[in-house]
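Take a look at the structure below.
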Amino acid sequence: MHRISELFTRKDILSNSAGEGDDVLVCSKSTEGRDLLEALPVRDGDAKVRVNIVAMGDVGGTVLLGLRLLGEKVIESIGIFDLNSAATERYEREINQVSFPDGRVLPQVRIIESDECFDCDVFVFCATKAIPPLGADGDVRMAQFEANRGLVELYAKMALEAGFKGLFAVVSDPVDPLCMAAARAGLDPAQIKGYGLGVMYARGLYAAGELGVDAAFRINGRAFGPHGADLVIADNVFEYDDKLSAELTERAVTSNLVTRESGFKPYIAPAMSSAAISLIETISGGWHYSSVFTGEVFLGCRNRVGSNGIVIENLPLCDRLYSRIEKACMNLSGIISYGRE
């Protein structure tokens with residue numbers, strides 16, 4: 001049996017002192033040696049965090065709606081920035097008009113300028129330069145990498161200039177390589193998390209429902225790796241079925257293509273499951289799926305923010321399942337890794 005901790009090449013950032021048991025791994029230090037909690041949105045009691053979102057396209061707008069509806073207890077305000085001022089004016093007006101009839105106070109949405117983007121605790125990167133048209137063949141996420149890489153590097157450098165110490169959350173595709181691009185631009189990898197895997201778990205669950213195995217999947221099913229071709233869906237981490245897992249993985253990976261073939265862009269589920277819900281869980285300290293730094297790549301896995309750092313689920317994995325995750329890491333390293341092109 002193996003554990004996901006074997007894939008972490010920077011052992012100096014790990015800790016087993018959290019009293020969590022052998023089935024978790026704690027990343028307690030950044031690669032620069034500082035306390036990782038300085039870069040995570042850890043709330044003090046009932047304190048709320050400030051969130052800023054860049055780019056009000058389909059994804060950014062849906063993430064904003066999700067955070068407004070779900071963030072009552074953990075988010076103080078949501079700043080929005082877009083080069084198109086008409087878009088920010090529209091979203092400020094419309095989303096602030098989304099309310100419950102009982103008068104509860106939801107996070108206030110406000111328009112910010114570019115120099116205010118990093119005046120926050122959580123920065124959410126939803127900007128994109130290349131959106132493949134409907135009908136495009138293959139894995140459209142990787143077609144976006146080179147164009148969007150320049151954008152994320154630009155904002156990473158802006159974060160450095162602003163002295164930003166909070167969480168840099170990458171939502172734009174392809175999530176994991178863009179996380180690495182932000183790190184290579186100078187940001188501490190410990191303050192970067194990628195939000196793309198949540199929807200792949202959700203698509204795996206949907207596929208499990210189609211196959212009649214969703215009851216077991218809800219408890220023991222897991223997702224690992226990138227938001228794309230090297231995704232790993234496990235039907236059951238304790239009683240792994242490779243054939244069933246391969247079928248679930250294939251259905252999860254191709255789900256977005258099915259939606260595109262029907263004439264629609266598949267952005268609602270990713271914006272909600274990968275971003276809005278997962279960000280709320282991050283801030284709240286709940287289990288969620290996001291990409292964390294292994295020392296060489298950003299790997300998507302189930303984790304949460306704990307009192308000592310990032311707590312990563314570190315369950316025993318059979319040889320076949322571990323080899324699939326290991327292959328995903330190797331392929332991610334081949335795209336862009338820490339310290340080399």
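The values are calculated or read from the model by the stated rules, or taken from the named source; none is laboratory data. Computed from a predicted structure; not experimentally measured. Every residue, glycine as well, gets a Cβ built from its backbone with ideal geometry; the counts of neighbours run over all protein chains shown.
Here are 225, 263, 198, 204: which of them is small (Gly, Ala, Ser) and surrounded by fewer than 23 Cβ atoms within 10 Å (Cβ to Cβ)?
Values: 225 fails: surrounded by fewer than 23 Cβ atoms within 10 Å (Cβ to Cβ); 198 fails: surrounded by fewer than 23 Cβ atoms within 10 Å (Cβ to Cβ); 204 fails: surrounded by fewer than 23 Cβ atoms within 10 Å (Cβ to Cβ).
Answer to the selection: 263.
Figure legend. Inter-residue proximity from region 97-113: first residues in contact (Cβ under 8 Å) with a residue 24 or more places away in the chain, second residues in a loop (DSSP other than H, G, I, E, B) and of a type in the set (S, T, N, Q), beta-carbon distance below 6 Å, spacing 6+ or different chains. Indicated pairs: 109/96. Residues in region 291-300 that are buried (at least 23 other Cβ atoms within 10 Å of the Cβ) and not in a loop (DSSP other than H, G, I, E, B) were compared, and the one that is farthest from the chain's Cα centre (by Cα) is 293. If you go through region 68-120 and pick out every residue that is of a type in the set (Asp, Glu), under 19 Å from residue 46 (Cβ atoms) and not in a loop (DSSP other than H, G, I, E, B), you end up with 1. Annotation note: of 159, 208, 181, the sole residue that is of a type outside the set (Asp, Glu) and assigned by TED's automatic domain parsing to the domain that holds residue 9 is 208. Within region 313-323, is there a residue that is in the same structural domain as residue 248 (by TED's automatic domain parsing), touching a strand residue (DSSP E or B) at 6+ places or on another chain (Cβ under 7 Å), under 19 Å from residue 198 (Cα atoms) and surrounded by fewer than 22 Cβ atoms within 10 Å (Cβ to Cβ)? Yes. For region 122-153, filtered to residues that are modelled with pLDDT under 95 and in contact with a Gly (Cβ under 6 Å, 6 or more places away or on another chain), the residue that is nearest to residue 55 (Cα to Cα) is 141. Contact map, region 238-263: residues that are assigned by TED's automatic domain parsing to the domain that holds residue 324 and in contact (Cβ under 8 Å) with a residue 60 or more places away in the chain paired with residues that are part of a helix (DSSP H, G or I) and exposed (fewer than 13 other Cβ atoms within 10 Å of the Cβ), Cβ distance under 6 Å, separation 6+ or inter-chain. Pairs shown: 242/320. In the set (1) surrounded by 20 or more Cβ atoms within 10 Å (Cβ to Cβ); (2) over 12 Å from the mean Cα position of the chain (by Cα), residue 284 fails one condition alone, (1).
Taking (1) touching an Asp or Glu at 6+ places or on another chain (Cβ under 8 Å); (2) surrounded by fewer than 24 Cβ atoms within 10 Å (Cβ to Cβ); (3) among the polar types (S, T, N, Q) in turn, residue 307 satisfies each apart from (1). Can you give me the ranges of the strands (runs of 3 or more DSSP E) entirely in region 137-244 with at least 1 residues that are closer than 25 Å to residue 322 by Cα? Once the strands (runs of 3 or more DSSP E) in region 137-244 are filtered for at least 1 residues that are closer than 25 Å to residue 322 by Cα, what remains is 192-194, 222-224, 232-234.
Would you call residue 330 assigned to a helix (DSSP H, G or I) and closer than 21 Å to residue 123 by Cα? Spelling it out, it is not the case that residue 330 is assigned to a helix (DSSP H, G or I) and closer than 21 Å to residue 123 by Cα.
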